[in-house]
């Protein structure tokens, strides 16, 4: 029987760092997991942690033969761990990921010390042999597929492995990180999905909810769920509490009986959602998508269609074209003032830049096109303002300028909830220090989806 555990990692539940009473339900559940681990026959733990090195587009697997770690940064250096890495299993996981086209491997580790996302679970389970895997920022289904690669490697090598998904739930439940209703929604959704052993429902959570909840355990859990693909997974919630404004959810998954793979259903649901989104596209977004798809495949822009609205052909404006993949930004380039003969040409030009010249991303490839969604922002002319009090994060975008340096942020962006945050991000984008003297402009947009 395969077993896996979702384990929070607040260091306070470690006796010595805390006194054992601060987060009692979570500590009790982790002690239960520890007892099960010690009486089981597992010979290795695959620990998925959000606090080792993390890349947006790559799953990092800790290399080498072993590592050590302690709670020194939590004023408890006397509690430490030395573990052996199951390098054969780690290499097998990387090999199956490569076969499945998932970027994963051993590159880029700067600090080999065990992180607290690993040491807190180790404190309770006492495993001496592990594989440590970091999260990536890739889409939810990719997390699941990577979990399937872990499953294949375990089965091939006939390991008796326990999967530990280390991670906390929302950090936005009213503590030092602030409060967001998304945090409450996220934790309730994840908890209910596990209580009903409904892994399919878990993957229906929107990236907007997850991102604004500021969680660190959802992708760990999704990877672990992939390990149970093709099995009848039974989930049990052991505890949930949020005493300091952070959600701590502890749960276990076990499975023995065979079942149909969930992956085709997840892929079909994603495709249906994208089709529904595209059926709602207006002419601005349809033009952006058609041009980006044609350019990505041929290197050429499309000719302007004959049936575009008069507004797009006769008016000029600055335009931003944004591309998203799996709810995450994949490219965004725009102009604050018109540079082309009309809005349609502005969309064509900036769409090409967004998909191929955004310095933050590699150019879009043809095999990504089916997974992409688009939006087009048409900008009204900016106007100078003297004070932040004249901004509204939902209504106005902001441009900050200091000499030749300039930063811009569009309005009504997910996760940007205050004017101070909006201006701060715009300053960062422009390479402007908050202490420098800078000017501000505001602008309104019409957003097309």
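Under the condition of being in a strand (DSSP E or B) and within 20 Å of residue 132 (Cα to Cα), the residues counted in region 1-50 number 12. Scanning region 21-35 for residues that are out of contact with any strand residue (DSSP E or B) (no Cβ under 7 Å at 6 or more places or on another chain) and more than 18 Å from residue 244 (Cα to Cα), we see that the one that is surrounded by the most Cβ atoms within 10 Å (Cβ to Cβ) is 34.
The residue pairs whose first member lies in region 84-95 and is free of Cβ contacts under 8 Å to residues at least 40 places away in the same chain, whose second member is surrounded by fewer than 20 Cβ atoms within 10 Å (Cβ to Cβ) and not in a helix (DSSP H, G or I), and whose beta carbons are closer than 6 Å, counting only pairs six or more residues apart or on different chains, are 94/105.
For every residue, the table says whether it meets (1) under 22 Å from the mean Cα position of the chain (by Cα); (2) at pLDDT below 95; (3) within 19 Å of residue 7 (Cβ to Cβ).
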| position | (1), (2), (3) |
| --- | --- |
| 106 | yes, no, no |
| 122 | no, no, yes |
| 137 | yes, yes, no |
| 140 | yes, no, no |
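The sole residue among 53, 102 that is on the phi < 0 side of the Ramachandran plot, in a loop (DSSP other than H, G, I, E, B), touching a strand residue (DSSP E or B) at 6+ places or on another chain (Cβ under 6 Å) and surrounded by fewer than 22 Cβ atoms within 10 Å (Cβ to Cβ) is 53. Of the candidates 75, 110, the single residue that is more than 28 Å from the chain's Cα centre (by Cα), over 24 Å from residue 238 (Cβ atoms) and at pLDDT below 95 is 75.
Pick out the one residue from 374, 396 that is surrounded by 14 or more Cβ atoms within 10 Å (Cβ to Cβ), touching a residue at least 60 places away in the same chain (Cβ under 8 Å) and at negative phi. One residue alone meets the criteria, 374.
When 40, 69, 18 are screened for being more than 25 Å from residue 160 (Cα to Cα) and surrounded by fewer than 23 Cβ atoms within 10 Å (Cβ to Cβ), only 18 passes. Among the conditions (1) out of contact with any helix residue (DSSP H, G or I) (no Cβ under 6 Å at 6 or more places or on another chain); (2) touching a residue at least 12 places away in the same chain (Cβ under 8 Å); (3) not in a helix (DSSP H, G or I), residue 205 misses just one, which is (1). Filtering region 56-66 down to residues that are out of contact with any helix residue (DSSP H, G or I) (no Cβ under 7 Å at 6 or more places or on another chain) and either touching a residue at least 60 places away in the same chain (Cβ under 8 Å) or not assigned by TED's automatic domain parsing to the domain that holds residue 144 (or both), which residue is surrounded by the most Cβ atoms within 10 Å (Cβ to Cβ)? Ranking the candidates gives 62 first. Taken over region 224-235, the criterion of being more than 22 Å from the chain's Cα centre (by Cα) and either in contact (Cβ under 8 Å) with a residue 40 or more places away in the chain or part of a loop (DSSP other than H, G, I, E, B) (or both) is satisfied by 230, 231, 232, 233, 235.
Restrict the check to region 66-86 and report whether at least one residue is more than 28 Å from residue 18 (Cα to Cα), out of contact with any strand residue (DSSP E or B) (no Cβ under 7 Å at 6 or more places or on another chain) and not in a strand (DSSP E or B). There is no residue in region 66-86 that is more than 28 Å from residue 18 (Cα to Cα), out of contact with any strand residue (DSSP E or B) (no Cβ under 7 Å at 6 or more places or on another chain) and not in a strand (DSSP E or B). Pairing each residue of region 425-449 that is touching a residue at least 60 places away in the same chain (Cβ under 8 Å) and not assigned by TED's automatic domain parsing to the domain that holds residue 324 with any residue that is surrounded by fewer than 19 Cβ atoms within 10 Å (Cβ to Cβ) and assigned to a strand (DSSP E or B), provided the two are 6+ apart or on different chains, yields C-beta distances under 8 Å for 442/383; 442/385; 443/383; 447/375; 448/375; 449/375.
For the structure I just gave you, tell me whether residue 337 is farther than 18 Å from residue 140 by Cβ and more than 29 Å from the chain's Cα centre (by Cα). Spelling it out, residue 337 is indeed farther than 18 Å from residue 140 by Cβ and more than 29 Å from the chain's Cα centre (by Cα).
All of 337, 354, 344 fail the test of being closer than 21 Å to residue 438 by Cα and either in a loop (DSSP other than H, G, I, E, B) or modelled with pLDDT of 95 or more (or both), apart from 337. Report whether or not residue 407 is part of a strand (DSSP E or B), surrounded by 19 or more Cβ atoms within 10 Å (Cβ to Cβ) and in contact with a helix residue (DSSP H, G or I) (Cβ under 8 Å, 6 or more places away or on another chain). When the stated conditions are applied, residue 407 passes them. In region 256-285, what count of residues is obtained for those that are assigned to a helix (DSSP H, G or I) and over 16 Å from residue 227 (Cβ atoms)? Residues meeting the conditions: 18. On the basis of being buried (at least 23 other Cβ atoms within 10 Å of the Cβ) and over 28 Å from residue 412 (Cβ atoms), does residue 227 make the cut? Taking the combined requirement at face value, the residue satisfies it.
One residue alone among 255, 268 is closer than 30 Å to residue 236 by Cβ and touching a residue at least 40 places away in the same chain (Cβ under 8 Å), and that residue is 255.
Of all residues in region 271-294, none that is over 12 Å from residue 370 (Cβ atoms) has its Cβ atom under 6 Å from the Cβ atom of a residue that is loosely packed, with under 13 Cβ neighbours inside 10 Å, 6 or more apart or on another chain.
The values are calculated or read from the model by the stated rules, or taken from the named source; none is laboratory data. Worth saying up front: this structure is predicted, and the values here are computed from it rather than measured. Counting neighbours? That spans all protein chains shown, and the Cβs are built from the backbone with ideal geometry, glycine included.
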